[in-house]
Each structure stands twice: as structure tokens, then as C-alpha cells.
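What follows draws every value from the coordinates through simple rules; no lab data is involved. Since this is a predicted model, take the numbers as computed values, not measurements. Cβ coordinates were reconstructed from backbone atoms using ideal geometry, including for glycine residues, and neighbour counts include every protein chain displayed.
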Amino acid sequence: MSTATPRNSSNGTNGGHSPGKRVKVIVVGAGFAGMTAVIECQRRGMDVILVEKYTNSAEYGDIIDFFANAGRIVDAWDNGKVADRLLDICITKAKWMQMLKHTGEAVHRDPWYLKPEHFRYQYAGQRGAMWKIFRDYAEELGVEMHFGVGVVDYFETVDETGVVLADGTRITGDCVLAGDGPKSLARQKVLKLEDKKTNSGYAIFRSYFEATEEFREHPLLQEYLNPDEDTIKFWIGPDSHMLAYSWQGGSKVVWVFFHPDKEDIGESWSESADKSSVLNYIDSIGFNDECRAIVELTPPGRVIDFKLVWRDPLETWLSPGSRIALIGDAAHCHLPTSGQGGSQAMEDAATAAICLEKAKGDVPLALKVMERIRFNRSHITHQAGMQIRDIWHQNPWEHVEHDPEKIALARGDWILDFDAVKTAEENFERLAEDVRSGKKGTLPELSLPAGGVYDDIRNK
């Protein structure tokens, strides 16, 4: 990235932005961080351009969960109509997440909706179909979007910033929000970091499909066809676990199998795998016949092998001139076991948009405040992914025998009842004054507290 160091970069000066001029925001990446960013910035009167290297992100992924902390953001869009569209296609009839040992013995039933009001804010469903609803709403708002052309470089001067596309085109704006995912180019080009990915030692087999006639006829799978209640099951085994979801009367089925894997191949939503590979793990670990039937009856070509890579936390998400910010997985690549990757990405995006609005054209100030609002909260949820995985995989039963609820997903009030919009609005001015005054301290010291901690049942 070519950079000219901005004047007074320590305290977020206006950088030459004309009063009354609309802030031009370039968003890189059309995942849920990027789509939320373009929607939130457009709703707040900014000029927004989205750039995405893939032609159609609706083709990628199987299931994604957004919990109430993210759903509150969505429910504000178009007077709740976007939330209504999501609820039409998502899991809405689940009562429980059934927690079981891998051999099939029931351990605990965790309420799928921890509070009645969460129903409106909690979305779990097929990733591509959900993403399309985000994209359609962005189109309705008039967001300028470019698919099928990737970013190859970033640049930044005192008064502007921008990106260089693969075809040589330069797009210039006031701000760049880089939501370009786990394999973020922005980390390398903007923050000058090598892609120091660490093999986590685990991978996930994943599948999404429409239930076949053979699936519907299997005696062990009748529970998944209930038209009155969606099914969510979670089996925990030695150093492994499996989840299965069905909804809309069993017409939609997703399963994921989390297992040890030392191979180092690229992270990809489309690395196909054979069912026999999954069945080998199921048989060798000793998962029950229901789990085996789900995999056996998965249609051919519907299994993905997704390698999980761990990336250490970043020391900062901002470029030297603070006109470029990394958001979502580019800033903090959550493991799936955190249960918060998508939700934290949406919190990042909404917070960035609010800070840009409140800063009235002072982009460096806006992004510095955004980082201080988000840093500690995203850090602790990011770190929790590995902790939660280890709790589940390292023989947890001795710790939960007298209190099975402890094995449930970590979904404390401080996580789910968090209001990202309200938090940004209420804390912007105080943190902005800290930036302007040059208050000293490390980024964790200068940032808002995370709001809570994860309990480790092994210490109970």
C-alpha cells in the first residue's frame, strides 16, 4: 500500500474534508460484514461502493447463525421488513438445542430462544439464501455494487484513500472498510502483516441439502420431518462434535462434523469431500447410528471439507492514516465454536457506520473511535472459540454431571442482549474526546470493556 502520512494523525483531524460533503465509503468484501457496512452507511446518507471478487456469494456456505446482538441491527432495516424476510426462510420453530453424547445419550436440552424477545432477532438458516436478502436490500437502498472484480492494492494519503482493482481501475474515497474475510489481503497490504495462519488441528465437514425420499423414509430420521417443530441436535464426542439442523418440515437439512485434522490445505467453501471420509471418522470415534444415517443419506457431491485456521489477534485494525479499517473476519477471525463470528462482524459494521456519521467527515477520528468501541468485545469473543472447543472436546462429562446446563452454548446476557447501535451512540463523544486529547494508554486500556467473560466449566 502506498501511503503519505497524514498530518496530526494522532488525534484524528478532519483531513481536509469539506463540511456538508457526503462521505464516500468503499467497502471491500460482500460477506455479512461488508453487506452490513454498505447498508448501514447508505442508510446514514453516505456514498457507498461495494467491491467483491466473487460473482455471487449466494453460492457459498451451508448454515450460519446470527443471535440477538446481531438481529437487533437487522430489525431496524426497512421497518422490520428485512427481518421478516429472514424469518420466512430461517429456523423459527425450534424449541431446543438437544445436547447429547456422541453415543446418543441425552445430556441437556438448551432453549433455542433464551428469552421470548429473541425470536425476532435470532436467525439461523442457509447462508446463501440469507445473504441474498442482505444483497437485495442493499440494491433497494441504491448501493453501488461491483461483483467479480477483486482488490489487489490499497492506497492512502492525507485527504483520501482507495483501492486498486485487478483490472487496474483505481477507486478513490474518504474511507475504506475492508471486510475481505479470513484470508484478508488488507492485512498484508494495509497492516503490512504476513498471513500467519496456524493450523488449528481441526476441520469441519459440512453439508446442506434438501431431504431426499430415502432420507424421509429412514426410521432413525423421522424426528427431522416434524412440520410443527424444527430440529437442532448437538452430539459431543472425544475431540469431535456434530450438529444437525432441519427446518421447514424437514425440507432443509444441514449437518456439520468437527474433527481433528492435521492436513494444511487452503480454506475454501468449495473443497469437496467424499462421504466415506466422514463415515470413517464417525465409525472410528464411535458416533451413533443416527449420525451415521444422516451422513450416509446426504446426496452425492454435497459434502465440503473446510479446514479451520487460527489467526492471532491483531494489535490494530487501522491503517497508518486511519482512513482504512479492517472489519469482521479480516480483523478477528472467529472459530465456529465461538458462535459469534457473523454477529461480531455485523457489530463492527454498524459501529463503523455510526462513528462515520457522528464524526461529520473526520474519518480518522471516526475509525479510531470505532476501534476503541469494538476492540475488547471482539477480542474476548474471538479468544473464546478455542476455549469453548477445548471444553467440549476434553471429556466434559465429569464437569457437568450435576449441572448439565454448563455444557450448553455460551450465550450470556452480556453477549446476546448487547445493543451495538446504542453502545456506539452513547460512547462516541467520550471516546472521541479521548482521541482528540491524545489520551495515553494501550489500545485495550483505551477501549470499552468487553462487558463480560466466558466461564470455564473445568474450573468449577
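Over the C-alpha atoms of segment 116-160, the Rg to Rh ratio, Rh being the Kirkwood estimate, stands at 1.18.
With the convex hull constructed from alpha-carbon coordinates only, segment 307-360 shows a mean projected area of 4.4 nm² over all directions.
Express the relative contact order of the chain as a whole percentage, based on alpha carbon pairs under 8 Å and six or more residues apart in sequence.
About 21 percent, as a whole number.
Among DSSP beta bridges lying fully in the chain, give the percent that are antiparallel, nearest 5. Please report the intermediate quantities before stating the final value.
Values: 52 of 74 bridges.
Here the antiparallel bridges make up roughly 70 percent for the chain.
Would you kindly derive the ³J(HN,Hα) couplings of segment 209-221 from the backbone phi angles with the Karplus curve 6.51 cos²θ - 1.76 cosθ + 1.60 (θ = phi - 60°), listing them in order in whole Hz, with x for Gly and Pro? Each residue's phi maps through the Karplus curve to give 7, 8, 4, 7, 5, 5, 4, 5, 8, 6, x, 7, 10 Hz.
Which of Asp195, Asp180, Asp153 has the fewest other C-beta atoms within 10 Å, and how do the rest follow up to the most? Provide the component values of the computation, followed by the final result.
Values: Asp195 12, Asp180 28, Asp153 15.
Fewest-to-most Cβ neighbours within 10 Å comes out as Asp195, Asp153, Asp180.
Contact order, relative form, for segment 105-198: 14 percent (alpha carbon pairs under 8 Å, 6 or more residues apart, mean separation divided by residue count). Remark on Thr157: its backbone amide H falls under 5 Å from those of Ala4, a criterion applied only to residues 5 or more positions apart or on other chains, H modelled at 1.01 Å from N. Is there a pair in Lys93/Lys115; Lys53/Lys189; Lys21/Lys189 whose C-alpha atoms are over 21 Å apart, and which pairs would that be? Listed pairs above 21 Å: Lys21/Lys189.
Cut-off is 10 Å between beta-carbons; in what order do Glu139, Glu296, Glu52 appear when sorted fewest neighbours first? Mind dumping the intermediate values first?
Values: Glu139 11, Glu296 16, Glu52 24.
Fewest to most other Cβ atoms nearby, the residues stand as Glu139, Glu296, Glu52.
Amide H contacts under 5 Å for Phe306: Ile204, Phe205, Arg206, restricted to partners 5 or more places along the chain or on a different chain, H placed in the peptide plane at 1.01 Å from N.
Counting pairs of alpha carbon atoms under 8 Å apart in space and at least six apart in sequence, what relative contact order in percent does segment 199-310 give?
Working: 215 pairs, mean separation 43.4, N = 112.
Relative contact order comes out at 39 percent.
The string of couplings for segment 294-299 from the Karplus curve (6.51, -1.76, 1.60, θ = phi - 60°) is 4, 6, 4, 9, 6, x Hz, one whole number per residue in order, with x for Gly and Pro.
The phi torsions of segment 315-320, fed into the Karplus equation with coefficients 6.51, -1.76 and 1.60 and a -60° offset, translate into couplings of 7, 8, 9, 10, 5, x Hz, rounded to whole numbers, with Gly and Pro shown as x. Across every pair of non-identical alpha carbons in segment 199-310, the mean reciprocal distance, once inverted, gives a Kirkwood radius of 14.3 Å. Distance between the 7 Å Cα→Cβ label points at Asp153 and Glu271: 3.1 nm.
Between Asp289 and Lys81, what is the FRET efficiency for a Förster distance of 35 Å, r being their Cβ-Cβ separation, to the nearest 0.05?
Details: r = 44 Å, r/R0 = 1.25.
According to the calculation, E is roughly 0.20.
The slack between Lys192 and Asp167, meaning 0.36 nm per residue of separation minus the straight C-alpha distance, is 6.7 nm. Cross-link partners among lysines for Lys307, C-alpha distance below 20 Å, same-chain residues fewer than 8 apart left out? Qualifying lysines at Cα under 20 Å: Lys183, Lys196, Lys197, Lys262, Lys275.
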